[in-house]
1. Measure out, as a whole number of angstrom, how far apart the alpha-carbon centroids of segment 648-689 and segment 556-617 sit.
2. Which of the three applies to segment 465-702, rounded, prolate or oblate, going by the alpha-carbon gyration tensor with a ≥ b ≥ c and a/c under 1.5 meaning rounded?
3. Does anyone have the angle between helix 533-545 and the longest principal axis of the chain? Alpha-carbon axes, 0 to 90°, nearest 10?
4. Sort the following peptides by mean Cβ neighbour count (other Cβ atoms within 10 Å, averaged over residues), highest first: 597-610, 74-87, 274-287.
5. Please give, to one decimal in nm, the separation of the simple spin-label points placed at residue 224 and residue 28, each 7 Å out from Cα toward the Cβ.
6. How do 378-389, 251-262 rank on mean C-beta neighbours within 10 Å, highest first?
7. Could you state the number of Å between the C-alpha centres of segment 118-164 and segment 297-365?
8. Once you sort the root eigenvalues of the Cα gyration tensor of segment 287-344 as a ≥ b ≥ c, which label holds: rounded (a/c under 1.5), prolate (a/b larger than b/c) or oblate (the other case)?
């Protein structure tokens, strides 16, 4: 049997003391399971293998879940310190596919396995202490401290699964069998799949607060879908059923594939599913820690592109409108077959929640409802036709603004039902996880027959009020005769520095990117960072598409649509000189160095450790280079604890300004260039309400 793992806690009822103990056990169970998973690696050298060329080595993922706890506790202001700056800057960002630059091995000096183990132990002690001491009220709501604890636990459970996929992609020579992770030992006689009628109906989706268990932000809100009657395959598509597609030349025939799918297949030179192995004596199958004879009755593991190609092929062979189910159709199947929901079941009704094996099982091993549908939940995730988007009323959780929003791009399709290793929130009926269509999970599919067309619309314009406000601030109209602030800042900086140093610039706190685009006019390379992925996402969209649309409020619920293009602003020529990335100005990766200019616009009074930022940034600027800082010096304990303010208080009875502090912290390496400049800016809130502020721009030259 696989190792036991706790169920996600119900957080709307119970005694706080008992719930605290339950959450502690939930954390320990998750932490131990994650440790156990990495014991499947043959030796320490294996931690530095890259199963996927465009993803980090496994040492990153081993550390990442612990780093996540520290970062989120810090963002939520539950702690005010790091544990290990190097590990936390290196292991915080980069879970999904990366660019060649971020994966350049020269950019990373990976820590030893022992160092990461020690770090994980320190984080474990920290989280246990937080669980013992943080205030706990029932129900736990998403603004509560314990929501952050639950977030870290559920985040590690996601990576329990995604790391298992990466281990499964390692060469078998790097993997050990492990008693906690045994595969299923049986292969049933192959069953014939058939289509079974299901009534349609009205599907209501979306959680409300307070919710019975922890949920990710994309699960909240409301969505109503009318589903027409349809037929669904009784079983998931088995390895044997998929073999028919392969033997009919499915991987050689472009007509079955979408354009995206054929490009992927050609690039990867794929000839069969990734976990199939063709040997001299026939087909073999790769489970997580073993290669063994093909279990033909088990579900096939494929990405969306392969599943879609199979459906197109089957539709042509049968003359029926075969496709993947939508998210709402999966819910229709679920509602008509399952009546006891996670975490309320006494025993897992399917191959889910690590209840039976650390692998798939035959597609007919677990059936549901009167019509005996196989694997409505569990075994492998089921790809859907639905690309994820937010429900009506969707809100971003402020502590994790990049969990869902970056996937609302029409390129991430939802998977439903969970797999054998799906635990916690992943096993919940309302969970909504989405991946790029070429990604591999422990995922397969069932198909449906339906005349109902799959129609989906996406937000083609930005509706987030804060983001729209910043887009207008950076690229929109000028108000009350006040010039565009990012543009004015860069023009002023360029006038006051020597023109010989124009190789490489760093824009920190770049928000939606205008200052970076202005810097690209003058510098050969611009690195632009912001803590918020929502800001960075819009800047990257501008690089890729050159234009953006957004809604700004006029009054009450009334809004107006605005649009602009980079070309119309004269900013379109050198966009590919800019690299936009999420980053923490107080904890930058080592690769951000050797700059001729660092520009930090209205950043310093919003940092949790501004002194730490100044100490770090000094060494990242070339001698003869410049540091340009703007700020209205609006120090607030909401962002920076008072003891960490640079200035704005009295010292020995005398006023001590932020400019005084900058002089003290930057000398003797830096000299102030001329006098500081006052640069006003206006932020539009509504048609009749604006913020008028004056920032001070100081420019510092590095002389030592």
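Every read-out reported here was derived from the displayed coordinates using simple, explicitly stated rules and does not represent laboratory data. Every value quoted in this text rests on a predicted model; they were computed, and no experiment measured them. Note: ideal-geometry Cβ built from the backbone for every residue, glycine included; neighbour counts use all protein chains shown.
1. 19
2. Because a/c hits 1.5 or more and a/b fails to exceed b/c, segment 465-702 counts as oblate.
3. That works out to roughly 90 degrees.
4. My ranking of the peptides, most packed first, is 597-610, 74-87, 274-287.
5. Computed distance between label sites residue 224 and residue 28 equals 4.8 nm.
6. Per-residue Cβ counts within 10 Å, averaged per peptide and sorted highest first, yield 378-389, 251-262.
7. Taking the Cα centre of each part, segment 297-365 and segment 118-164 sit 31 Å apart.
8. oblate
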